[in-house]
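Before any comments, here is the structure.
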Amino acid sequence: MTEVSKPHPEDFPEAARLLHESAADMYDRFAGGRERALRALERSLAEPGTASSAEVVRIATMGGRTAAVMAAFPVDEAAARARAFLGLALRGAPPWRWPTALHLYWAGGRAAPSPPDSALYVDALATGSEFRRRGAARALLADAERLARARGLPAIALDTTISNEPARGLYASEGFDEVAYRPPGRGLPGFVALVKPLS
């Protein structure tokens with residue numbers, strides 16, 4: 001049985017590890033390595049207002065173990081939450097890392113297609129390798145739909161890399177439409193934007 005809940009402090013290390021898996025290359029380049037990225041993500045879970053604060057993160061557990069993680073919030077909160085995460089990450093990084101982090105922050109913001117303004121945005125979704133194809137990601141997407149409806153939002157939006165065929169297949173099966181594409185460039189992968197209207 002899959003249970004979905006907000007993470008508690010004891011869940012933060014595993015939630016941070018899974019959030020990292022959702023975009024490991026980008027997090028590592030941003031923070032200057034895997035360990036720094038994991039530390040930043042774990043700190044962000046404990047700090048309100050970021051794109052990966054515990055207040056916007058849900059975990060799916062199976063048999064008492066964290067199987068998957070999702071960060072989701074209204075699109076109109078995205079810019080402020082991204083800036084808050086940037087500030088947190090820069091505070092934990094040596095000053096010589098700041099130019100690279102700032103470049104990736106701006107480049108990443110331009111690389112992915114913009115989601116519709118009135119939607120719940122799923123910023124991160126990842127399932128642990130041993131739990132894949134067991135319904136954990138679907139349970140989190142169902143929770144995203146519940147959250148969107150509770151806020152009166154008419155859609156759920158997310159994006160993924162163009163090459164991530166398993167994720168694109170999952171989203172298609174869950175009723176998401178591919179609505180925009182951005183080709184690879186400037187060291188960043190290509191992205192596809194997806195939207196699920198809620199009737």
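Read-outs: derived from the displayed coordinates by stated rules, not from any lab. All values reported here derive from a predicted model rather than from experimental measurement. Heads up, the Cβs are rebuilt from the backbone with ideal geometry, glycines too, and the neighbour counts pull from every protein chain shown.
General remarks:
- Within the listed set Arg34, Arg132, Arg17, the residue fluctuating most in the Gaussian network model of the chain (springs between alpha-carbon atoms under 10 angstrom) is Arg132.
- Annotation: extensible slack from Ser118 through Glu10 equals 35.5 nm (criterion: 0.36 nm per residue apart, minus Cα-Cα distance).
- Relative to its residue count, the chain spans a Cα convex hull of 110 Å³ per residue.
- Relative exposure of Ile162, Ile59, Ile156, judged by other C-beta atoms within 10 Å (fewest first): Ile162, Ile59, Ile156
- Nonlocal amide H pairs with Phe191, under 5 Å, H built at 1.01 Å: Ile162, Arg182
- On full extension, the segment bounded by Ala180 and Ile162 gains 5.4 nm, given 0.36 nm per residue less the C-alpha separation.
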